[in-house]
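To start, the structure itself, in structure tokens.
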Ligand code: SAM
């Protein structure tokens, strides 16, 4: 019997995305969400949380390379980085490829996501969870940044690799979370958040970007179309206390990319620059 997963558009029930489930690797109701890991003929192994596709073996690099390499190469000297969420380990794995990185702190609310990813999603996380530069914290990101602000050395980069603004991830799109993240950033530091797919979830961009703009002097959005995220481009928001930190010469990016010696399948300095060119329907949500 062929099984199909289901995903429905929470707001309008306007569309339904179904992926063929060839084999269920694991299904559990964790303390925080419903977790489903299954195999699909096109996407390979797929992680879904609360029925929403989070990442897949075949297209994870679209998302993780743009989440990580755009801010790291824009900054140029990231030594201390924080990932909030990111339990699949994909962002961590890309981050640890940067030779200049000293420490990576990952704050994930649901330990089960990490455990199952380490067992079933090696193609995404590799050996990242065994890296000596990793500080792993199981906690709610909102509470952790509020608790740690002013108590530890600030970060050069904060990546918010969260679920969408429903369930446990909702608090990671709030004003107080962004304000505390601003307090945890070093001079010249960058914050990057995932803002879902504006065509299907415009509120996941419009409201959070307004809150970001009230806590950071400068924000800029960039986009990538992830095949398993239905609805076209998804958007990342990058925020800093100085506008200059958000734009980098192409020649500088090329020099830093070459020096890092990282092999990529999506990211290039040209793709980096092009991703900040936003179509008017997305720019209108940001300027709203
Ligand atoms: N790429 C995915 C996306 O764009 O939707 C995100 C993937 S990652 C698996 C999302 C992680 O955020 C999950 O492991 C989830 O448990 C974690 N998460 C959700 N809410 C959180 C919170 N309040 N604090 C820390 N981690 C959280």
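For region 148-185, a residue qualifies if it is crowded, with 18+ Cβ neighbours inside 10 Å and more than 20 Å from the chain's Cα centre (by Cα), and exactly one does: 148. Would you confirm whether or not region 44-60 contains a residue that is modelled with pLDDT under 95 and surrounded by fewer than 16 Cβ atoms within 10 Å (Cβ to Cβ)? Yes, region 44-60 has at least one match. If the condition is being exposed (fewer than 14 other Cβ atoms within 10 Å of the Cβ) and in contact (Cβ under 8 Å) with a residue 40 or more places away in the chain, then region 129-147 contributes no residue at all. Among the residues of region 139-160, which ones are away from the ligand (no atom under 11 Å from the Cβ) and either under 12 Å from residue 105 (Cβ atoms) or in a strand (DSSP E or B) (or both)? Correct list: 148, 152, 153, 154, 155, 156, 157, 158. Of the residues screened, residue 207 is not one that is free of Cβ contacts under 8 Å to residues at least 60 places away in the same chain, more than 19 Å from residue 74 (Cβ to Cβ) and surrounded by fewer than 16 Cβ atoms within 10 Å (Cβ to Cβ). A single member of 68, 78, 107, 84 is part of a loop (DSSP other than H, G, I, E, B) and touching a strand residue (DSSP E or B) at 6+ places or on another chain (Cβ under 8 Å), and it is 78. Could you check how many residues of region 118-138 are out of contact with any helix residue (DSSP H, G or I) (no Cβ under 6 Å at 6 or more places or on another chain), away from the ligand (no atom under 15 Å from the Cβ), in a loop (DSSP other than H, G, I, E, B) and within 27 Å of residue 229 (Cβ to Cβ)? So the count comes out to 1. Pairing each residue of region 105-128 that is closer than 25 Å to residue 79 by Cβ with any residue that is within 9 Å of the ligand (Cβ to nearest atom) and in a helix (DSSP H, G or I), provided the two are 6+ apart or on different chains, yields C-beta distances under 7 Å for 107/141; 107/144; 108/114; 124/60; 124/90; 124/117; 125/90; 125/117.
In a loop (DSSP other than H, G, I, E, B), within 12 Å of the ligand (Cβ to nearest atom) and in contact with a strand residue (DSSP E or B) (Cβ under 6 Å, 6 or more places away or on another chain) - does that describe any residue in region 173-193? Within region 173-193, not a single residue is in a loop (DSSP other than H, G, I, E, B), within 12 Å of the ligand (Cβ to nearest atom) and in contact with a strand residue (DSSP E or B) (Cβ under 6 Å, 6 or more places away or on another chain).
The values are calculated or read from the model by the stated rules, or taken from the named source; none is laboratory data. Everything numeric in this text was worked out from a predicted model, so none of it was measured. When we count neighbours, we look across all protein chains shown, and the Cβ atoms used for this are built from the backbone with ideal geometry, even at glycine.
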